[in-house]
2 protein chains.
Amino acid sequence: MKEKVNITIHDLAKELDLSPSTISRALKDHPSIGAQTRANVQKLAKLRGYRPNIMAVNLRNQQSKTIGVLISWINRPFFSNLISGIEEAAREKGYNVIISQTTDDLKIEKDNAKTLYDIRICGLITSISIETLEYPHFGQFYRSNTPVIFVDRVPGDFQGQKVVIDNYQAGYDATTHLIEQGCTRLAHLGGSLKQGLYKERLRGFRQALEDHNLVLNPNYILNGKSLSREESLVLATKLFEDGQGPDGIFGANDMAGVCAILVAKKYGKTVPDDVAVIGFNDDPICEIVDPPLSSMYHPAREMGRICVKRILDSLNKNNQSDDLSILTTELVPRKSTLRIVEIES
Amino acid sequence: MKEKVNITIHDLAKELDLSPSTISRALKDHPSIGAQTRANVQKLAKLRGYRPNIMAVNLRNQQSKTIGVLISWINRPFFSNLISGIEEAAREKGYNVIISQTTDDLKIEKDNAKTLYDIRICGLITSISIETLEYPHFGQFYRSNTPVIFVDRVPGDFQGQKVVIDNYQAGYDATTHLIEQGCTRLAHLGGSLKQGLYKERLRGFRQALEDHNLVLNPNYILNGKSLSREESLVLATKLFEDGQGPDGIFGANDMAGVCAILVAKKYGKTVPDDVAVIGFNDDPICEIVDPPLSSMYHPAREMGRICVKRILDSLNKNNQSDDLSILTTELVPRKSTLRIVEIES
DNA sequence: CTGTTAGCGCGTTCAG
DNA sequence: CTGAACGCGCTAACAG
């Protein structure tokens with residue numbers, strides 16, 4: 001006798017001489033089922049290895065227990081950590097995670113959003129593409145009461161649930177750290193100002209200077225597009241073309257920070273004594289570069305977990321009081337900024 | 001009049017005064033449908049924005065157009081690149097990708113495999129956990145004719161489709177490169193020998209030495225468990241405890257290579273002149289460390305694409321002649337090994 | 001070439 | 001407390 005692979009509630013019903021609906025109810029602890037019946041059913045279900053056919057459940061409920069993640073690139077430290085956190089939290093709660101990358105292309109973002117909608121994801125977590133300035137492609141989710149959580153790179157001019165860090169404060173803290181180390185000629189290697197995120201980091205930078213009565217050299221504020229390695233090297237080189245160069249550099253990501261160190265060394269500068277450098281994100285490369293790069297820790301994994309929690313809360317109508325989760329970043333000081341040697345007592 | 005959000009084939013059927021099955025067939029270019037009818041149907045479908053309800057299709061076909069990916073950690077350069085390639089290739093073909101991480105825990109691997117099975121993935125791509133030495137949890141897929149592709153970290157003693165690199169050859173090439181640079185006291189920082197992958201890299205290392213008549217110092221072969229930063233630093237330090245140390249180090253991953261450089265420098269060695277170092281994978285950290293780390297390029301993204309191709313081929317019964325795809329790695333020489341300065345002509 | 005019918009497996013009214 | 005019946009949306013076998 002071949003063992004049956006996929007048990008259905010009908011199989012259990014036949015075996016116990018009950019109706020399928022009774023099985024269905026017993027299995028999900030419906031109140032109107034007798035304790036004895038319920039026990040019998042659950043016992044047999046376990047014995048036979050019954051598992052509900054998820055596709056049937058989905059069709060019936062017009063909804064799949066699947067969280068969609070729509071981001072630009074999976075293979076970037078921040079996103080891969082974010083996804084890792086999302087996956088972990090989702091699976092704990094019995095949800096699946098489906099991934100979709102846009103390669104920072106708005107057209108693909110729209111297409112993929114539609115696809116995710118079609119498979120009836122129960123919630124969407126997204127970090128919008130660089131090009132995204134309009135949001136009608138998210139309307140379909142709102143119309144069908146599917147929660148949408150924007151994370152990290154979020155729309156500034158669009159209402160909705162958002163999970164972010166305080167980029168202004170982080171920029172302020174990073175810059176203040178440089179100032180406390182004695183830097184006075186400060187520079188900033190920033191990202192695209194189309195993104196609120198980089199605008200805020202720059203704003204924090206400016207405010208820190210102002211609060212400490214430092215003069216801002218406009219030549220020392222450079223904004224790139226991608227802050228890739230190539231671009232960052234070019235930008236960093238510009239900082240030193242004036243012969244003197246800055247004595248403190250705040251890079252808006254770690255690659256910018258790393259490149260600032262590399263270029264500074266090429267110009268014969270000592271890091272951190274001639275020029276101190278701090279990055280942003282606390283990616284693994286911080287510990288690889290020489291000297292190790294100070295950075296602002298970005299809680300990517302935790303952000304992922306919070307996004308999942310927000311989705312589940314929304315589905316259960318446990319609406320949070322606030323639409324905004326702001327996570328704190330933390331200064332991770334390393335040799336690239338630590339000029340003042342503390343004396344052990 | 002409120003616009004209907006989810007059009008079904010019944011809606012179209014009513015509007016065109018046809019039967020649902022005709023619509024269904026017309027939409028998928030079934031041969032037995034009149035050209036005129038088909039044109040009408042397709043036109044109206046587009047006009048009304050019809051999109052098939054995927055959950056119904058899945059239930060009907062007992063299969064979801066979803067590829068499952070079961071790996072240890074999403075947030076590792078190799079895996080995030082692999083997934084990126086998988087996602088890209090899958091979406092081009094209209095497949096979704098569902099991700100599941102095991103955190104290198106066999107129990108979780110089993111659970112998640114079952115979950116993926118339950119949602120009726122049409123194919124599985126997996127890189128087994130470090131602990132996995134038995135494979136009954138993959139049996140359910142084979143029994144239901146769901147293709148399983150093992151990638152990178154594959155079972156040595158289990159038959160099935162595999163996508164790998166030639167770790168023996170890569171190890172041989174990396175080592176030969178060191179030898180060609182004049183290294184004679186060679187060391188290897190390897191990973192867990194439970195994994196065929198690391199065994200092969202070591203075998204290549206040994207063979208290269210033998211082929212060049214070099215003596216192998218057994219103290220210079222160290223194998224770790226995870227080759228994490230911490231572990232690699234410890235291992236690398238052991239190499240230099242004899243006072244002299246090796247003059248060439250092959251690290252089985254880039255972190256090991258990077259740590260070898262860091263430790264060598266700490267011992268006052270010059271890289272590459274006193275000791276040349278090569279890593280494995282060509283992760284971003286290679287270009288960050290000073291001097292930049294030579295490495296063996298590992299085609300993660302392409303491996304992902306090939307895995308997807310294999311799944312689709314299996315589903316279409318275009319069975320490949322061979323169960324094994326072996327991709328080539330490429331030497332990426334950088335300053336950490338380049339002792340001989342080539343003179344430009 | 002097209003229509004009718006019958007499920008895929010489950011959840012949920014509505015009756016007993 | 002339990003069962004019968006229906007339908008989620010689609011596809012495929014069977015008729016015509």
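Values quoted throughout were computed directly from the atomic coordinates according to the rules given, and no laboratory measurement underlies them. Since the model is a prediction, treat every value here as computed from it, not as a measurement. In this analysis, Cβ positions are derived from the backbone assuming ideal geometry, glycine residues included, and neighbour counts consider all displayed protein chains.
Structure notes:
- Applying 1/(1 + (r/R0)^6) with R0 = 22 Å to the Cβ-Cβ distance of residue B:226 and residue B:297 gives a FRET efficiency near 0.50.
- Magnitude of the charge dipole for the stretch A:5-96, about its Cα centre and with charges confined to Cβ atoms of Lys, Arg (+1) and Asp, Glu (-1), is about 80 debye.
- Surrounding net charge for residue A:101, when Lys and Arg each add one and Asp and Glu each subtract one, Cβ distance under 13 Å: -4
- Remark: C-alpha extents of the stretch B:156-236 on the principal axes read 41, 30, 18 Å, sorted largest to smallest.
- GNM top mover of A:94, A:68, A:204 - chain A, alpha-carbon springs below 10 Å: A:94
- Within-12-Å neighbourhood charge of residue B:305 [Cβ basis; K, R +1; D, E -1]: +1
- Dipole magnitude of the stretch A:167-298, debye to nearest 20 (Cβ charges: Lys/Arg +1, Asp/Glu -1, about Cα centre): 460
- Using the Cβ of residue A:112 as centre and a radius below 13 Å, the other residues enclosed give a net charge of -4, where K and R count +1 and D and E count -1.
- Estimated inter-spin distance, residue A:324 and residue B:338, nm [label 7 Å along Cα→Cβ]: 4.9
- Percent antiparallel among DSSP beta bridges (both partners in the protein assembly as shown, rounded to 5): 10
- Chain A: angle of helix A:77-92 to the longest principal axis, Cα-based, in degrees nearest 10: 20
- Applying the Kirkwood pairwise sum to the alpha-carbon positions of chain B produces a hydrodynamic radius of 23.0 angstrom.
- The smallest convex shape that holds all Cα atoms of the stretch A:79-214, its convex hull, gives 127 Å³ per residue.
- Basic side chains Lys and Arg get +1 at the Cβ, acidic Asp and Glu get -1 at the Cβ, and with that the dipole of the protein assembly as shown about its Cα centre reaches some 3600 debye.
- Calculated SAXS-style log₁₀ I(q)/I(0) at q = 0.16 Å⁻¹ - the stretch B:281-337, Debye, Cα scatterers: -0.60
- Here each label is just a point 7 Å from Cα along the line to Cβ, and for residue B:273 and residue B:180 those points are 2.3 nm apart.
- 10 Å Cβ neighbours from other chains, averaged over peptide B:54-64: 5
- Exposure rule at most 12 other beta-carbon atoms within 10 Å, DSSP loop GluC sites (Glu not before Pro): chain A longest free segment: A:4-133
- Distance (nanometres) between label positions extended 7 Å along Cα→Cβ at residue B:266 and residue B:61: 5.6
- The count of lysine pairs in the stretch A:167-298 that are at least 8 places apart or cross chains, and whose C-alpha atoms lie under 20 Å apart, stands at 6.
- Inter-copy label distances at residue A:321, shortest first and taken from points set 7 Å along Cα to Cβ: 7.0 nm.
- Sorted shortest first, the distances from the residue B:243 label point to those of the same residue in the other copies are 5.3 nm; each point sits 7 Å from Cα along Cα-to-Cβ.
- Relative contact order of chain B, defined on C-alpha pairs under 8 angstrom at six or more residues apart (%): 15
- For residue B:309, the aspartates and glutamates whose Cα falls under 20 Å of its own Cα, not counting residues fewer than eight places away in the same chain, are B:87, B:88, B:92, B:152, B:166, B:322, B:323.
- DSSP bridge orientation in chain A - percent antiparallel, rounded to nearest 5: 10
- Set of the stretch A:97-112 residues, backbone N closer than 18 Å to the point 7 Å along the Cα-Cβ line of residue B:93: A:99-101
- In the stretch A:167-298, the C-alpha radius of gyration followed by the widest Cα-Cα span (Dmax) gives 12.8, 35 angstrom.
- Pairwise Cα distances in the stretch A:1-99 exceed 16 Å in 67 percent of cases.
- The distance linking the stretch B:30-45 with the stretch A:220-269 is 61 Å (Cα centroid to Cα centroid, whole angstrom).
- Choice from A:156, A:34, A:139 with maximal GNM fluctuation in chain A (Cα, 10 Å cutoff): A:34
- Fewest neighbouring Cβ atoms within 10 Å first, the residues A:232, A:321, A:19 line up as A:321, A:19, A:232.
- For the protein assembly as shown, the percent of C-alpha pairs falling in each 20 Å distance bin, counted from 0 to the bin holding the largest distance, reads 16, 43, 32, 9, 0.
- Ranking A:192, A:178, A:69 by Cα position along the charge dipole of chain A, where only Lys, Arg, Asp and Glu carry charges on their C-beta atoms, puts A:69 farthest toward the positive end.
- Here the gap between residue A:18 and residue A:42, fully extended at 0.36 nm per residue and compared with their Cα-Cα distance, gives a gain of 7.3 nm.
- Shape analysis of the stretch B:9-52 yields a ratio of the Cα radius of gyration to the Kirkwood radius, Rg/Rh, of 0.90.
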